[in-house]
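This report concerns only the one structure given below.
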Amino acid sequence: MSRFTERTGWCVRLSGVRYRVKRPLSWEIGAKGSGLWLTVPEGFVFDVSIPRLLWWAFDPNDARYRKAGALHDYALSLGWSRVPAAAAFSESLRAQGLGRLHRLAMVLAVIVWKWR
């Protein structure tokens with residue numbers, strides 16, 4: 001499983017479900033030791049956008065979703081397509097301890113949401 005470099009204090013809540021990265025957040029892609037890193041820079045603004053209808057099941061301000069949301073949004077901003085960005089999203093949710101079904105629901109949502 002991959003890993004994050006930053007444990008706590010890496011982002012600040014702006015409003016609602018929007019956050020800003022305070023310190024760079026790095027994610028090692030693939031597996032520990034791969035040497036492939038995706039680093040979300042300081043100042044990057046992201047959101048944890050979960051449809052309001054699903055907030056009863058998935059709290060958009062749950063800290064376990066923030067790193068995954070930041071990585072996903074940053075990957076998309078770099079031009080990654082939805083599926084590779086969703087793969088990094090899924091693995092980062094796994095690293096945060098989310099179960100298989102929980103991850104599956106969230107990954108399907110980010111792949112399908114705003115599909116073009």
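The values are calculated or read from the model by the stated rules, or taken from the named source; none is laboratory data. Just so it is clear, the structure is predicted and the values come from calculations on it, not from any experiment. Please note: Cβ atoms are built from the backbone with ideal geometry, for glycine as well, and neighbour counts cover all protein chains shown.
Of the strands (runs of 3 or more DSSP E) lying entirely inside segment 1-108, those carrying at least 3 residues that are crowded, with 18+ Cβ neighbours inside 10 Å are 25-28. Being modelled with pLDDT under 90 and not aliphatic (A, V, I, L, M) is true of Trp56. Here Trp55 passes the criteria (1) more than 22 Å from Arg23 (Cβ to Cβ); (2) under 13 Å from the mean Cα position of the chain (by Cα) except the one numbered (2). Against the conditions (1) at pLDDT 90 or above; (2) more than 13 Å from the chain's Cα centre (by Cα); (3) not charged (D, E, K, R), Gly35 satisfies every one except (1). Restricting segment 89-116 to residues that are at pLDDT below 80 and basic (Lys, Arg), the residue that is nearest to Trp27 (Cα to Cα) is Lys114.
Taking Arg18 as the residue in question, decide whether it is of a type outside the set (Asp, Glu) and either more than 14 Å from the chain's Cα centre (by Cα) or at pLDDT 90 or above (or both). Show your work before the answer.
Numbers: of a type outside the set (Asp, Glu): yes; either more than 14 Å from the chain's Cα centre (by Cα) or at pLDDT 90 or above (or both): yes.
Yes; evaluated as a whole, the condition is true for this residue.
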